[in-house]
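This report refers to the structure that appears directly beneath it.
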Amino acid sequence: YWNYGDHPERFSKEYNSFAWWGQSYISLNAGPLALGASTENIWWGPGQFNSLIFSNNARGMKHLFLRTSRPANIFIGKLEAELIVGRAEDSGLLPSQNERLNGLFANPFRGDWKYVTGLTVTFQPVFLPNFFAGLNRTFQQYNDDVTDDFQGRMPILEAFQKVNLFTNDNSVVYDSRGQDQQVSFFLRYYNIKANFEAYAEYGKQDHSYNWREFILNPEHARAYLMGFTKLFKTGTPGSLFQIRAEIVQQAESVNRYIRYADQNDGNTSWHTHYQVRGFTNEGQSMGVGIGVGGNAQILEVSKISSLNKIGVLLQRIENHQDFYNRAFGSSSNKKPWVDFSVGLLWDHQWDRFILSSKTQVIQGVNYQWENSSESSADFPQGQKLFTFSGTLNLIYQIHK
């Protein structure tokens, strides 16, 4: 797993403090189009807490973009789209805090940067004005491996079915390109009168050989998320109760037992790849931020008024499930490592100042799959770990 990704356990001192362009961009707008350069975080898809492709989890990468600055009317509906070309970096850090374990790190970093291309398209049909459907697709490849032609620079336009790309049904030549690709499809529906929104996103990390394989085996190399938001009136003008929830599933499906029977019940996880070290920038996943192979269930209940909020956040995270299944399998002495957390949310605005805060207490069960001192083979009991986390953000608006 360490050799297929770039997710160090701890960042070194040079990551503790650094200068960066942050959420900066420059663009030229011409009618419905915008062309520019940016280091902003990109968020694609309908997710509220997570996104399968791009989110604000990792540091924003340097990229050029061409996008619609407003929905374009194409008669049968409205269309929004964005095309990016970017540069993602490896962290260059060893994966473990334990030097002895770093001896298992057999695939050192190349010292090259990753060429990233991406395309997102969202369609809102005229006959279903509250419904959205969309597609996200990304490719990444170490820059030294990119061929200097249109196909090499814009692989996001190639066919989805691998059968159209292989030579004599052999993938050796195609795999030698050293490319990694992700694709996701998403749906979103909202109803203003009901104060309700629902959404879902389904992604594939490894494209199917043909449409037959996709239909018969849609769970291979997949990840998905789904969620909703519902608002209730409180009787106080301008004040609402909000309930929102989301689940995200990254762990490999059970078809790994058949597909990878000779590879110890697993291959690679979402956001990892054996040639390009995963969909990461500076050692962090650019999409889902709960950890490699992790699953999560999230529920928030809050009272909101304009930008003011007070609420409770509940989370359950299954950590590194793909690693757990591969390392321990059905071992009765090792149970999954699961974190349960409760958080308090408080956001408030005073004139031009906006304060946003979150405090969380986290109970880790079977922490790092270690058994406690009173554990036995007949009655295995995992270690527990109690932690606290707090975040405070302060914003000053120059123009109100």
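Bear in mind these aren't lab numbers, they're just calculated from the coordinates by the rules spelled out. None of the values given here were measured: they were computed from a predicted structure. As a convention, Cβ positions derive from the backbone with ideal geometry for all residues, glycine included, and neighbour counts pool all protein chains shown.
Observations on the structure shown:
- Computed about the Cα centre, the dipole magnitude for region 2-293 is approximately 1060 debye when only Lys and Arg (+1) and Asp and Glu (-1) carry charge, each at its Cβ.
- The listed peptides 105-115, 276-286, 295-305, 241-251, ordered by packing as a protection proxy, come out as 276-286, 241-251, 295-305, 105-115 (highest mean of other Cβ atoms within 10 Å first).
- Selection from V116, I243, Q349, by position along the positive dipole direction of the chain (Cβ): Q349
- Selected from N98, N16, N143 as most flexible by GNM, with the chain as the system and alpha-carbon contacts under 10 Å: N16
- Taking a ≥ b ≥ c as the square roots of the eigenvalues of the alpha carbon gyration tensor, region 112-265 is prolate, as a/c is not under 1.5 and a/b beats b/c.
- With each label modelled as a point 7 angstrom along the Cα→C-beta vector, the Y260-S330 pair spans 1.9 nm.
- Annotation for W350 and L314: the two label points, set 7 Å from Cα along the Cα-Cβ direction, are 3.3 nm apart.
- Each of Y174, W43, V146 was scored by the projection of its Cα onto the charge dipole of region 2-293, and the greatest displacement toward the positive side belongs to W43; charges sit on the C-beta of Lys, Arg, Asp and Glu.
- Lysines whose Cα lies under 26 Å from that of K193, excluding same-chain neighbours fewer than 8 positions away: K78, K230, K233, K303, K309
- Prolate/oblate/rounded label for region 278-400 (Cα gyration tensor, a/c 1.5): prolate
- Only lysines eight or more places from K13 in sequence, or on another chain, were considered; those with a Cα closer than 25 Å are K62, K114.
- Net lengthening on full extension, S305/F109 (0.36 nm per residue, minus Cα-Cα): 65.7 nm
- Ranked list, fewest to most other Cβ atoms within 10 Å of each Cβ, for F65, F54, F150: F150, F65, F54
- Both radii are taken from the alpha-carbon atoms of region 42-135; with Rh as the Kirkwood radius, Rg/Rh is 1.16.
- For region 273-295, the residues whose backbone nitrogen is under 15 Å from a point 7 Å from the Cα of I362, taken along Cα to Cβ, are 285, 289-295.
- Fewest-first sequence of L104, L225, L216 by Cβ atoms within 10 Å of each Cβ: L216, L104, L225
- Inter-site label distance for Y189 and S12 at 7 Å from Cα along Cβ, in nm: 5.2 nm
- Computed FRET value (nearest 0.05) for F340 with Q48, which takes r as the C-beta separation and R₀ as 25 Å: 0.80
- Dipole of the chain, positive direction: furthest Cα of N164, F340, N98, with charges on the beta-carbon: F340
- Short-range pairs are left out: with C-alpha atoms under 8 Å and at least six residues apart, the relative contact order of the chain is 13 percent.
- Straight-line cross-link partners of K162 among the lysines, defined as a Cα under 17 Å from its Cα and at least 8 positions apart when in the same chain: K204.
- Structure-based [θ]222 nm, the chain - -39500 (n - 2.57) summed over DSSP H runs of at least 4, per residue, nearest 500: -1000 deg cm²/dmol
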